[in-house]
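Written below as structure tokens is the structure these notes are about.
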2 protein chains.
Amino acid sequence: MGIRAAANKVLSLQQMANSAEVLNDLLGYPPLAPVPIAYNFLVPNFKGMQNFLNAVESSSPEGDSAPITSPENPTAPPTPPPSPPPEKGETGEQAPITSTEDPNEMPSSTSDVDDPVQPGKSSAASNQMEVSLFTAATEAFSKANTNCSIAESLERCRPIVSLAKSRNIRVRGYVSVALGCPYEGSDVDPHKVAEITATLLEMGADEVSVADTTGMGTAPKTQELLKALFAAGIAPKDLALHFHDTYGQALVNAVVGLENGIRTFDSSVGGLGGCPYSKGATGNVATEDLVHCLHSLGGHTGIDVEKMAEIGAWISKELGRPNDSRAGKAILARLSSK
Amino acid sequence: MGIRAAANKVLSLQQMANSAEVLNDLLGYPPLAPVPIAYNFLVPNFKGMQNFLNAVESSSPEGDSAPITSPENPTAPPTPPPSPPPEKGETGEQAPITSTEDPNEMPSSTSDVDDPVQPGKSSAASNQMEVSLFTAATEAFSKANTNCSIAESLERCRPIVSLAKSRNIRVRGYVSVALGCPYEGSDVDPHKVAEITATLLEMGADEVSVADTTGMGTAPKTQELLKALFAAGIAPKDLALHFHDTYGQALVNAVVGLENGIRTFDSSVGGLGGCPYSKGATGNVATEDLVHCLHSLGGHTGIDVEKMAEIGAWISKELGRPNDSRAGKAILARLSSK
């Protein structure tokens, strides 16, 4: 079962300069982590993909033809830059918010590490870079978000996917506003979503995240959307669901996804995020709330929800934002009363 | 389908002086409302029940033998006291947070009103008083909350129920910490909950609200609890479910209740509330979030969710508390952008 941090929220279109800086920092000073990390970068266009490849490949000792994620070409982790001291109860092993942790999809790694009390801690060698491409389910949102029609945005994606796949880089497609659009309302055609999703997969995308950007999604609409996706021949394993908890329905909708065989869900620690094109939109569903729910249903995520709650409180404080995870706050309150 | 405001949260044990004042105000100056209102009062002991009856019956023109809720004994509504000016978009017809609106259970009423544009507006005559009695599913919580054992608390309830029923007053029982206890943990025996619930119903309680006071409830635990309740011979119509959204699971759990035939759910506008005996406990699930969910599933509640969102924002502001309803805030953001 995969839980993905919403890297795209941090590295938004408005922040490409910062995104490049983040990329260079991660390549130069990959954080140590107990499991391999997938870093997900939003690529807005072909030029962005070229810049991304140049940065990644110039950091590789094998030069620009090296497969970036290959364990056969390890990049020795240099000395990490100074980091903030860990909070009470933290072990300093949290993933940064720009990472995606998904133990199910990462190659296993037990590289040599400098901290003997953390078995299985990975080096940068087994980390993975992936790129994200955004499309939208409505013409109005596509125009506002990418300044082109849906068809044009798909045609822009095609050479990017080809280039990424030629370098063994994983590609994740997104279909925004799949369950409600701030411009066109809540009745988004599920068959249109299925058509866009199928097109992205046919191009070579490894996975498509179908996104309820506005949080307008409901249980019946989620059910209807999944039915349309499956009817278009798309397998659950090629899909992720991405819910925003704007109307408080994210977990109800996620359970519908689970019941339909979906095993990858996007979320954001502390409920961080939002959408500049969707007024009033809050962040993705909080990772802590989702993990608590999945665990309660008997799911295995590989995530320590208490540690995740600590991360949520820490990052919210660092960013000066309220911690928007209910489970996170409740778990911390329970821990503090022990 | 019934949605109940969490009157008990406002009229808590700590505030019995205020509770009496609220009662006297409501009896003296019943607010006009488009539908009959049920006022729910927490009665902690037999003396409390006597005080309640004295107040209610002394306000009745027929004296102390008058059935309080009988439409044949109308109390003409006197001039209401000064109230705050309505907010933008309000019509001044919101129910106060101490009310319970449940159109399914109220006698219909089309009494004469002073506002011809509000058809069916009720006077105080068709309003209803009901009393609430609290029990708990664990010995430790019972001790902390009512200073007696579960068995003792049930024996204290018996004469109160008898007195209430002798005066045609509706009785609502509560079983607190039915899905998790701050003292005894998350493994509360569902058979114990069923036994307490059955005892309250056998005494004459009209309905029992089974309460997830701590928010520790999960979908599987809710399912297991309902199974135990039904196995004890309790009908869905005699039950209400009362979820706190402390861990963000309230709607997921409510959907499990719905699927099992439960049609009455407690909630609190703006997610107001908490529990003095349950550290970190947040309020009941927000009415706006619950109603949005129920409507999305095709339910009919009789509630205008946009008006409810306005009430949530208004009362939160009045109380100086954050508005804890996700749907409420999202609906208001959407309305303000129109």
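The values are calculated or read from the model by the stated rules, or taken from the named source; none is laboratory data. Values in this document were obtained by computation on a predicted structure and should not be read as measured data. Because the Cβ atoms are built from the backbone with ideal geometry, glycine has one as well, and the counts that use them run over all protein chains shown.
Given (1) more than 14 Å from every other protein chain (Cβ to nearest Cβ); (2) free of Cβ contacts under 8 Å to residues at least 60 places away in the same chain; (3) among the basic types (Lys, Arg), identify the lone condition not met by A:Lys221.
(1)
Is there a residue being surrounded by fewer than 24 Cβ atoms within 10 Å (Cβ to Cβ), basic (Lys, Arg), modelled with pLDDT of 95 or more and not in a strand (DSSP E or B) anywhere in region A:274-290?
no
Return the pairs, sorted by first residue and then second, in which the second residue is polar (S, T, N, Q) and not in a strand (DSSP E or B), the first residue lies in region A:256-269 and is modelled with pLDDT of 95 or more, the beta carbons are less than 7 Å apart, and the residues are 6+ apart or on different chains.
Note: pairs meeting the criteria are A:Val256/A:Thr222; A:Val256/A:Gln223; A:Gly257/A:Thr222; A:Ser267/A:Thr287; A:Ser268/A:Thr287; A:Val269/A:Thr287.
Here are some conditions: (1) surrounded by fewer than 24 Cβ atoms within 10 Å (Cβ to Cβ); (2) away from chain A (no Cβ under 12 Å); (3) of a type in the set (A, V, I, L, M). B:Leu229 meets all but one. Which one does it not meet?
Of the numbered conditions (1) surrounded by fewer than 24 Cβ atoms within 10 Å (Cβ to Cβ); (2) away from chain A (no Cβ under 12 Å); (3) of a type in the set (A, V, I, L, M), the odd one out for B:Leu229 is (1).
Out of all the residues in region A:288-310, which are within 13 Å of another protein chain (Cβ to nearest Cβ) and at positive phi?
Answer for region A:288-310, where residues must be within 13 Å of another protein chain (Cβ to nearest Cβ) and at positive phi: just A:Gly298.
Take region A:149-159 and flag every residue that is exposed (fewer than 15 other Cβ atoms within 10 Å of the Cβ) and touching a residue at least 40 places away in the same chain (Cβ under 8 Å).
Across region A:149-159, the qualifying residue is only A:Pro159.
Among the numbered criteria (1) within 13 Å of chain A (Cβ to nearest Cβ); (2) over 26 Å from A:Lys329 (Cα atoms), which single criterion is violated by B:Val256?
It is condition (2) that B:Val256 fails.
Criterion first (within 19 Å of the chain's Cα centre (by Cα), crowded, with 24+ Cβ neighbours inside 10 Å, touching a residue at least 40 places away in the same chain (Cβ under 8 Å) and within 12 Å of another protein chain (Cβ to nearest Cβ)) does A:His244 satisfy it?
yes
Only one of these is touching a Leu at 6+ places or on another chain (Cβ under 9 Å) and outside any helix (DSSP H, G or I): B:Leu241, B:Leu229, B:Leu258. Name it.
None of the other options fit; the residue is B:Leu241.
As an exercise: evaluate B:Glu207 against (1) buried (at least 24 other Cβ atoms within 10 Å of the Cβ); (2) within 21 Å of B:Ser268 (Cα to Cα); (3) in contact (Cβ under 8 Å) with a residue 40 or more places away in the chain and give the number of the one condition it does not meet.
Of everything listed in (1) buried (at least 24 other Cβ atoms within 10 Å of the Cβ); (2) within 21 Å of B:Ser268 (Cα to Cα); (3) in contact (Cβ under 8 Å) with a residue 40 or more places away in the chain, B:Glu207 misses just condition (1).
Which of the residues spanning region B:291-325 are at pLDDT below 95 and crowded, with 24+ Cβ neighbours inside 10 Å?
Within region B:291-325, just B:Asp324 meets the criteria.
Output the number of residues of region B:311-338 satisfying the condition of being part of a helix (DSSP H, G or I) and either within 13 Å of another protein chain (Cβ to nearest Cβ) or within 17 Å of A:Gly248 (Cβ to Cβ) (or both).
From region B:311-338, those part of a helix (DSSP H, G or I) are B:311-319, B:326-336; that's our starting set.
Next cut, either within 13 Å of another protein chain (Cβ to nearest Cβ) or within 17 Å of A:Gly248 (Cβ to Cβ) (or both) only: B:311-313, B:316, B:326-336.
Of the residues in region B:311-338, 15 are part of a helix (DSSP H, G or I) and either within 13 Å of another protein chain (Cβ to nearest Cβ) or within 17 Å of A:Gly248 (Cβ to Cβ) (or both).
This table checks each residue for (1) surrounded by fewer than 16 Cβ atoms within 10 Å (Cβ to Cβ); (2) more than 24 Å from B:Leu258 (Cα to Cα); (3) modelled with pLDDT of 95 or more.
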site	(1), (2), (3)
B:Ser126	no, yes, no
B:Ala140	yes, yes, yes
B:Val161	no, yes, yes
B:Val171	no, no, yes
B:His191	yes, no, yes
B:Ile196	no, no, yes
B:Met216	no, no, yes
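Report yes if B:Val285 is touching an Asp or Glu at 6+ places or on another chain (Cβ under 6 Å) and within 14 Å of another protein chain (Cβ to nearest Cβ), otherwise no.
yes
The rows are residues; the columns are (1) in contact with a Cys (Cβ under 9 Å, 6 or more places away or on another chain); (2) of a type in the set (Ser, Thr, Tyr); (3) at negative phi.
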| site | (1), (2), (3) |
| --- | --- |
| B:Ser186 | no, yes, yes |
| B:Leu200 | yes, no, yes |
| B:Gly215 | no, no, no |
| B:Ala219 | yes, no, yes |
| B:Thr222 | no, yes, yes |
| B:Phe230 | no, no, yes |
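Given the criterion in contact with a strand residue (DSSP E or B) (Cβ under 6 Å, 6 or more places away or on another chain) and of a type outside the set (D, E, K, R), identify the matching residue among A:Ala136, A:Ala194, A:Ala140, A:Ala144. Before the answer, list the steps.
On the way: A:Ala194 fails: in contact with a strand residue (DSSP E or B) (Cβ under 6 Å, 6 or more places away or on another chain); A:Ala140 fails: in contact with a strand residue (DSSP E or B) (Cβ under 6 Å, 6 or more places away or on another chain); A:Ala144 fails: in contact with a strand residue (DSSP E or B) (Cβ under 6 Å, 6 or more places away or on another chain).
Of the residues listed, the single one that is in contact with a strand residue (DSSP E or B) (Cβ under 6 Å, 6 or more places away or on another chain) and of a type outside the set (D, E, K, R) is A:Ala136.
Taking the criterion of being under 25 Å from B:Ala144 (Cα atoms), assigned to a helix (DSSP H, G or I) and within 14 Å of chain A (Cβ to nearest Cβ), would at least one residue in region B:201-212 satisfy it?
Among the residues of region B:201-212, not one is under 25 Å from B:Ala144 (Cα atoms), assigned to a helix (DSSP H, G or I) and within 14 Å of chain A (Cβ to nearest Cβ), which makes the answer no.
Please indicate, with yes or no, whether at least one residue in region B:182-192 is more than 14 Å from chain A (Cβ to nearest Cβ), part of a helix (DSSP H, G or I) and closer than 30 Å to A:Asn253 by Cβ.
Checking region B:182-192: at least one residue is more than 14 Å from chain A (Cβ to nearest Cβ), part of a helix (DSSP H, G or I) and closer than 30 Å to A:Asn253 by Cβ.
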